[in-house]
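Read through the structure below, which is laid out as structure tokens, and then see the notes.
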Amino acid sequence: MSFNVCGKSVKENDVIIVFMGHDSMFPLSVKEGEITQTKYGAIKHNSLLGHGYGTKFSCTKGWVYILQATPELWTLCLPHRTQILYTADIAMITLQLDLKPGSVVCESGTGSGSLSHAILRTVAPMGHLHTVEFNEGRCNKATAEFGEHGLSQYVTVYHRDVINEGFPVENAADAVFLDIPRPDEAVKVAAKALKTTGGRFCSFSPCIEQTQRTCATLRKPGSGFCEVETLELVRRSHNVKRVYIPIADIGIGDSEVRTALIKGENNTSSVLPCAYEAGDDMPVGEIIIRTTPENKDGLSSSKNPKRAKFDMSSSQISQGGGKSYEKGKTPPAATKYAFSTRTCILPKEIYGHTGYLTFATYRPGLSHKV
Amino acid sequence: MEDGIALNKTVILQRNNVLKAVKLIPEKVIVFERMRFKPENAVGLPFGSVFEVKNGDLNPVNSSLSLEEMETAGEDNRNLVDTHGKSQTLNREDLIQMKEDGATGKEIVQSLVENSSSFAGKTVFSQKKYLKKKQKKHLAYLQLLKPTSRLICKLYQEREPAKICHMRIDSMSQLLTSTNVRHGSKVAVFETCSGLLLGMVLERLAGKGSIVNLHPGETPVNLFAVSHFNFPDEYWDNLHSLPLHKLAPLLAGNSFQSTFDESNKTTCESEVPLESNDSSTDIANENNSKHEIAIPVDIKAVENLNEKACNGPLKRKLSLSDKEKTAIRVERQKKRFNHQKAAWELLESRNMDALIVASRFHPTPIVLSLLEVLAVSKPFAIYFEYKEALMELFVRLSVSGAAINLQLTDTFMRQYQVLPERTHPHVMMRGHGGYLLTGIKVRPFSAQQEK
């Protein structure tokens, strides 16, 4: 029931999220007497009952966090029956479709229900979602899921082909969302479902050809649609880490490096201009001196290598306390000095493309965009 | 909300992708894009109607704005000679003369086409481009739209990005989605985005639930954009404002009464006490009233608040007697005091459903304090223009163990021109949309063990 009403602690039949790490979580429907196996050992549902949300739960071989289900967490761990929509697109769709409590929305196809849950969160309790799916199995599974999540009263799932049979309602929707193979052929039925006083339309297509056909259909005179816009979102999650950039030996001694690296003293040095903000003596990162080889041998066995920090100037801010909580390498061994700074970088592989979002306003009987 | 354009409501004006929010006040001349007009003629028409400005009035236009396809057009630009502006025989004076003679925008564009020696040699595409450019300039058309979150976001993003901390529409949308804001949520918000976020959250609460608006300074100056949404009065009842600097006393366990008494002593020494012969005998209320007038306030925000506090359209200030003014002020102060109290109580229960921060201030101290009032297992989302501050906060939070599922993200948003044979991303687009840090509050392991 946790999608709809939330208690402070786990109750029977709650759908909870078992959080084991960023990329490792799963939903769980709590049933008395059942046991679920995880990589950290077994979770006995009986001992989950009454457990506080947002706190750690000890399994036999470790611990996990027990979280309340939200549409966003659901998106991250739902059982995939199709390709699904992710948070950045969902957020944009919700805003661009002018959704708010009370909105009536038509959606096709239901797919795995990722967007449906987010729509329901926003339009409930006064609004309603009519969601159409042409695959019978997915349709039944979605219906069961909405029931399990306590959302049945806000959503109706229909098994039909939207292009041939249209949406189940006419002149009733504030917004229509399409995520189907041939969206251009459903523009007409979308217009029929929308209120004659106007509404918003969105079509999600992974391919540009579909998008082109959809835009052309939307722009046809007499379609009733205007303000056609297409956009694409790529949401990127950064890793925060500390990096060490070795400083090459250019044949000067310690004290000279010190002078060279700290701009100031006679204001002539520009060995490492990148390390400073213009006109600022404060390093953006910090210059550290490598530990001596003897020390290094001792460190290699230690998990938390100590660094002898070169005390550059009294004004320098000591950062972070030197803890190894950030992802990052230990200083490279090749050079004596290294420039150290906190940065964030993108993972090696990211989603470079999800789909093109085409939005339009339905305003029949009124002239085109100014 | 009733449909159709009405007086004393805010509408969004649109012309050539330029947006402006204005309140339609009877007989008041609106200036927009060098057009001047009175709103009366638009009343009762549906939102989205197109108007032409003529003689200071709005005239509904029904024709489609795309001009008929030209008969003659070149194949490509091999015969096009770059004449550096000499192909047009009409000059500025001619155009001004035409306008004075009462020519419509359409006629002007038509004669520009006729007097252009190069127009016929252009390809259909560039003819269209030329027409679009000239229409933009000479047609005094505009559209009146219904204010929605989407349009108000767009308006601020295009016109006044600095007032919303350069947040782009994708960041705004994600702030609301990632914090699971919905009907009935209790949301803590700290923003310096002119009230845009408050408005968006209020829209999603739709009259149930509450916002605690923590604001810098003494009075909420960040309510201006909220007034664009045309919210019914009961929506405003859910918006409780409290100065951010009251947060530390609150978290230290001080009572509301003692905190506000304390601040009165320090900030209200110089001002004249309010001579209210009103029936308000509540001591705390009076204290609070004093507290209010000592502070320089943002006129717009107060006007706005004033209006809402009075529960009805604000009469012209001039027509009010001093006594009435005082009564209104006392009423307003009483309301604000009640809201502050409500905000205090909500925060004191440390059971907020969501936390949203989007400001020009460094987020770390704000977020670390505000996390205290968020219930466990609830989401938070922080926007900041620069990633460095969020990187710092990210590390602090991951070390503290008070949050999981931490994600520092930005979004690459690309808009497309989708036309037959001419599909490509827009040539110019917003380069920067800011960064988001999202996560879920949990009880740190150590705290749990103590329990």
> Any residue at all in segment A:70-92 that is modelled with pLDDT of 90 or more, over 22 Å from the mean Cα position of the chain (by Cα) and either more than 30 Å from B:E203 (Cα to Cα) or within 14 Å of another protein chain (Cβ to nearest Cβ) (or both)?
Replying inline: no
> Which numbered condition trips up B:S194, out of (1) away from chain A (no Cβ under 14 Å); (2) at pLDDT 95 or above?
Replying inline: (2)
> Within segment B:244-273, restricting attention to residues that are modelled with pLDDT of 85 or more and not in a helix (DSSP H, G or I), which residue is nearest to B:R336 (Cα to Cα)?
Replying inline: B:S255
> Taking interchain pairs and intrachain pairs at least six residues apart, which have beta carbon atoms under 7 angstrom, with the first residue in segment B:166-181 and facing chain A (nearest Cβ under 7 Å) and the second acidic (D, E)?
Replying inline: B:T177/A:E72; B:S178/A:E72; B:N180/A:E72
> Which one is farthest from A:L97 (Cα to Cα), of the residues in segment A:126-156 that are open to solvent by 60 Å² or more (accessible area, probe 1.4 Å) and within 14 Å of another protein chain (Cβ to nearest Cβ)?
Replying inline: A:Q153
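Need a quick list: strands (runs of 3 or more DSSP E) entirely within segment A:74-192 having at least 3 residues that are β-branched (V, I, T).
On the way: elements: A:104-108, A:128-133, A:155-159, A:175-178.
Fully inside segment A:74-192 and qualifying: A:155-159.
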> Which of the following residues is over 30 Å from B:N41 (Cβ atoms), within 14 Å of chain A (Cβ to nearest Cβ) and of a type in the set (A, V, I, L, M): B:A188, B:A120, B:A206, B:A162?
Replying inline: B:A206
> List, please: which pairs have Cβ atoms under 7 Å, are six or more places apart or on different chains, and start with a residue in segment B:244-273 that is assigned by TED's automatic domain parsing to the domain that holds B:T364 and end with one that is among the acidic types (D, E) and at pLDDT 80 or above?
Replying inline: B:L250/B:E348; B:L251/B:E372
>> The conditions are (1) in a strand (DSSP E or B); (2) β-branched (V, I, T); (3) surrounded by fewer than 24 Cβ atoms within 10 Å (Cβ to Cβ), and B:T219 fails exactly one of them. Which is it?
In response: (1)
>> Just the residues that are farther than 23 Å from A:G198 by Cα, part of a strand (DSSP E or B) and among the hydrophobic types (A, V, I, L, M, F, W, C), please, taken from segment B:8-62.
In response: B:I30, B:V31, B:F32, B:M35, B:F37, B:V53
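Say whether the condition of being under 25 Å from the mean Cα position of the chain (by Cα) and within 30 Å of A:R219 (Cβ to Cβ) is met by at least one residue in segment B:376-386. Lay out the reasoning, then the answer.
From segment B:376-386, those under 25 Å from the mean Cα position of the chain (by Cα) are B:379-386; that's our starting set.
Filter again for within 30 Å of A:R219 (Cβ to Cβ), leaving none.
Checked against the condition, which is being under 25 Å from the mean Cα position of the chain (by Cα) and within 30 Å of A:R219 (Cβ to Cβ), segment B:376-386 yields no hits at all.
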> Which one of these is under 26 Å from B:T179 (Cα atoms), open to solvent by 10 Å² or more (accessible area, probe 1.4 Å), out of contact with any Cys (no Cβ under 8 Å at 6 or more places or on another chain) and free of Cβ contacts under 8 Å to residues at least 60 places away in the same chain: A:G62, A:G54, A:G21?
Replying inline: A:G21
>> Against the definition (within 30 Å of A:V228 (Cβ to Cβ) and either open to solvent by less than 30 Å² (accessible area, probe 1.4 Å) or of a type outside the set (K, R) (or both)), how does A:G109 come out, yes or no?
In response: yes
>> Step by step: first the residues of segment A:343-370, then only those that are open to solvent by 70 Å² or more (accessible area, probe 1.4 Å) and of a type in the set (K, R), then the one that is modelled with the lowest pLDDT. Which residue is that?
In response: A:K369
> How many residues does segment B:1-29 contain that are away from chain A (no Cβ under 13 Å) and open to solvent by 60 Å² or more (accessible area, probe 1.4 Å)?
Replying inline: 6
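What number of residues within segment B:329-348 are crowded, with 16+ Cβ neighbours inside 10 Å and more than 20 Å from B:Y235 (Cα to Cα)?
Taking segment B:329-348 as the starting set, the residues that turn out to be crowded, with 16+ Cβ neighbours inside 10 Å are B:329-337, B:339-344, B:346-347.
If we keep only those that are more than 20 Å from B:Y235 (Cα to Cα) too, we end up with B:329-330.
So the count comes out to 2.
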>> So in segment A:39-62, with the set limited to residues that are in a strand (DSSP E or B), in contact with a strand residue (DSSP E or B) (Cβ under 6 Å, 6 or more places away or on another chain) and over 30 Å from B:Q174 (Cβ atoms), which one is farthest from the other protein chains (Cβ to nearest Cβ)?
In response: A:A42
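Is one or more of the residues making up segment B:40-51 over 26 Å from the mean Cα position of the chain (by Cα) and either within 14 Å of another protein chain (Cβ to nearest Cβ) or open to solvent by 60 Å² or more (accessible area, probe 1.4 Å) (or both)? Spell out the reasoning first.
We begin by selecting, within segment B:40-51, every residue over 26 Å from the mean Cα position of the chain (by Cα); these are B:41.
So of that shortlist, the ones also either within 14 Å of another protein chain (Cβ to nearest Cβ) or open to solvent by 60 Å² or more (accessible area, probe 1.4 Å) (or both) come out as B:41.
Yes: one or more hits.
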>> Among the residues in segment A:113-120, are any touching a strand residue (DSSP E or B) at 6+ places or on another chain (Cβ under 7 Å), surrounded by fewer than 24 Cβ atoms within 10 Å (Cβ to Cβ) and either not polar (S, T, N, Q) or not assigned by TED's automatic domain parsing to the domain that holds A:I90 (or both)?
In response: no
> Does any residue in segment A:329-353 that is under 30 Å from A:L231 (Cβ atoms) come within less than 8 Å, Cβ to Cβ, of a residue that is at pLDDT 75 or above and among the small types (G, A, S) six or more places away or on a different chain, and which pairs are these?
Replying inline: A:L346/A:S237; A:P347/A:S237; A:I350/A:S237
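The values are calculated or read from the model by the stated rules, or taken from the named source; none is laboratory data. Values in this document were obtained by computation on a predicted structure and should not be read as measured data. With ideal geometry, Cβ positions are generated from the backbone for all residues, glycine too; neighbour counts draw on all protein chains shown. Just so you know, the surface numbers come from the protein's heavy atoms only, side chains and all, with ligands and any DNA or RNA stripped out. Shrake-Rupley method; radii C 1.70, N 1.55, O 1.52, S 1.80 Å.
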